[in-house]
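A quick write-up on the structure given underneath.
The values are calculated or read from the model by the stated rules, or taken from the named source; none is laboratory data. Quantities reported herein were computed from a predicted structural model and do not represent experimental measurements. Cβ placement follows ideal geometry from the backbone for every residue including glycine, while neighbour counts extend to all protein chains displayed. The area values use the complete protein model at the heavy-atom level, side chains included, leaving out ligands, DNA and RNA. Shrake-Rupley method; radii C 1.70, N 1.55, O 1.52, S 1.80 Å.
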Amino acid sequence: MPFLATLLLLGVAAGGLAAGPARAEDSRHAQTRDGSASHYRLFVGDHAEGIVRAIDLRTGSNVGTFRIDRTPALTRSLSGRTVFAVQGDAGNVSVIDTGVTVEDHGDHADLKIQDARLLPTVITGTAPAHIVEGSGVVALFDDGTGEVALFRESELSQPSFAARRLRPTGAHHGLAAPMGSHLVVSVPSDAADKPRPGLMVVDEQGHQVGAMTSCPGVHGQAQSGGMFAFGCRDGIVLARPATGLKPPTLQHLPTAGLGDGYVSTLKGGSAMQFFLGNFGPNAVVIIEPDTPRPFRRIDLPARRVDFVLDPSKAERAYILTEDGKLHVLDILTGAIERSAQITGPYSMDGHWRAPRPRLAVAGDDVAVTDPLKGVVRLVSAATLEERRTIKVEGIPYTIVAVGGSGADH
């Protein structure tokens, strides 16, 4: 059995939730046999308008409508207490307080539900894009300037909120990943027609530490077990945490021999240390650092639309292909366990921003947006049977799920 069979003690507590002015049915949550409560919500970004809708998973009701400036890219914080609505074209990031907290107390967790709200805090920039969280810090990279806004999630609700800003590089489509007192940042090209050449480590003042590590066309990142991985045109770069007085270290791993394709989107395992990345339009790659065979390519029956990891079932991933089929990938074996028809076909030809389904995992359900039908489909993670659909106004597009279970006091 591969290295993934060794579980890491990562101490993952389920994240938080959100809603607008919560309705009465939203405050009642499912009770489990041990007396704890469970609650999940979906946040859905509209494709045509600047709107994020909060949906109670159990009732299917809309429990909050948040109006912003543009169609958002949605990112949830690691805790799940916050959803960031990134609107690069409008030059800002709106912040939704999800209103539900799952607090870990070691032998149990406490579930607390409050009204969700659109915070007055708006993080502005020229072209804000990638949000990366690590070491208790959130980093927002501005493509238009190369500036990085740094802040803690707890600071967002403060009236005097002001992010700390660094400018370690110039303008480019980049990213920054916090690692302790350092950042790993992408390096801009010296010419507009050349890909980004690599990554470097900078200190708290934004000064470079050590040499640049080659990572042509760097794009996409994920964290697993304290380690970051970044996608390159010729492989990946691993960023290992600092040890003692030494800064984080960067290591390039080539994907030579895997065939056509490269990694540009990554997901990181929570209870096992691994990464899942795209690899060309028709494949994904399982990445296991520090093993004799770090890459395993899995070919798909059709072009990939979206993929997501299951946070509570560490060995499982879900992949939607353009024929409308949802596939369950076993990370341990590298095999597709089962497939089922979920939506109609969504061709990957055309503009990359065309309305296509997106995936999120909420407890025992895989939520699939179906923009052309105006619904979110809830699919059993165990059987891939569609349990029910939730009608959503507008054109449901981007989606994140937040929630969990705990003692309700």
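Each row is one residue, and each column tells you yes or no for (1) crowded, with 23+ Cβ neighbours inside 10 Å; (2) under 19 Å from Ser347 (Cα atoms); (3) more than 23 Å from the chain's Cα centre (by Cα); (4) modelled with pLDDT of 95 or more.
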site: Asp365; (1), (2), (3), (4): no, no, no, yes
site: Val375; (1), (2), (3), (4): no, yes, no, yes
site: Ala381; (1), (2), (3), (4): no, no, no, yes
site: Leu384; (1), (2), (3), (4): no, no, no, yes
site: Arg388; (1), (2), (3), (4): no, no, yes, yes
site: Lys391; (1), (2), (3), (4): no, no, yes, yes
site: Ala401; (1), (2), (3), (4): yes, no, no, yes
site: Ser405; (1), (2), (3), (4): no, no, no, no
site: His409; (1), (2), (3), (4): no, no, yes, no
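If you go through region 300-344 and keep only what is open to solvent by 30 Å² or more (accessible area, probe 1.4 Å), touching a Lys or Arg at 6+ places or on another chain (Cβ under 6 Å) and assigned to a loop (DSSP other than H, G, I, E, B), you end up with just Glu322.
If you go through region 211-245 and keep only what is part of a strand (DSSP E or B) and at pLDDT below 95, you end up with just Thr243.
Looking at this structure, is Ala191 surrounded by fewer than 15 Cβ atoms within 10 Å (Cβ to Cβ) and of a type in the set (A, V, I, L, M)? Quick ask: steps written out before the conclusion?
Numbers: surrounded by fewer than 15 Cβ atoms within 10 Å (Cβ to Cβ): yes; of a type in the set (A, V, I, L, M): yes.
Yes: the conditions hold for Ala191.
For region 356-363, state whether one or more residues are over 30 Å from Lys112 (Cβ atoms) and modelled with pLDDT of 95 or more.
Step one: filter region 356-363 for residues over 30 Å from Lys112 (Cβ atoms), giving 356-357.
With modelled with pLDDT of 95 or more added as a condition, the list becomes 356-357.
Among the residues of region 356-363, at least one is over 30 Å from Lys112 (Cβ atoms) and modelled with pLDDT of 95 or more, which makes the answer yes.
Within region 102-126, being open to solvent by less than 30 Å² (accessible area, probe 1.4 Å) and either in contact with a helix residue (DSSP H, G or I) (Cβ under 8 Å, 6 or more places away or on another chain) or in contact (Cβ under 8 Å) with a residue 60 or more places away in the chain (or both) holds for Val102, Ala109, Leu111, Ala116.
A quick yes/no check of all residues on (1) in contact with a helix residue (DSSP H, G or I) (Cβ under 9 Å, 6 or more places away or on another chain); (2) within 18 Å of Leu384 (Cα to Cα); (3) in contact (Cβ under 8 Å) with a residue 12 or more places away in the chain:
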residue: Met272; (1), (2), (3): yes, no, yes
residue: Gly277; (1), (2), (3): no, no, yes
residue: Ile286; (1), (2), (3): yes, no, yes
residue: Val305; (1), (2), (3): no, yes, yes
residue: Pro311; (1), (2), (3): no, yes, yes
residue: Ala314; (1), (2), (3): yes, yes, yes
residue: Asp330; (1), (2), (3): no, yes, yes
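Number of residues in region 285-333 that are aromatic (Phe, Trp, Tyr) and over 22 Å from Tyr397 (Cβ atoms) equals 1.
Considering each of Leu183, Leu276, Leu250 in turn, give the residue that is within 20 Å of the chain's Cα centre (by Cα), under 18 Å from Asp290 (Cβ atoms), part of a strand (DSSP E or B) and not acidic (Asp, Glu).
Leu276
One residue stands out among those in region 203-257 that are free of Cβ contacts under 8 Å to residues at least 24 places away in the same chain and basic (Lys, Arg): the one that is most open to solvent (accessible area, probe 1.4 Å), which is Lys246. The number of residues in region 55-78 being in a loop (DSSP other than H, G, I, E, B), open to solvent by 40 Å² or more (accessible area, probe 1.4 Å) and within 15 Å of Thr98 (Cα to Cα) comes to 1.
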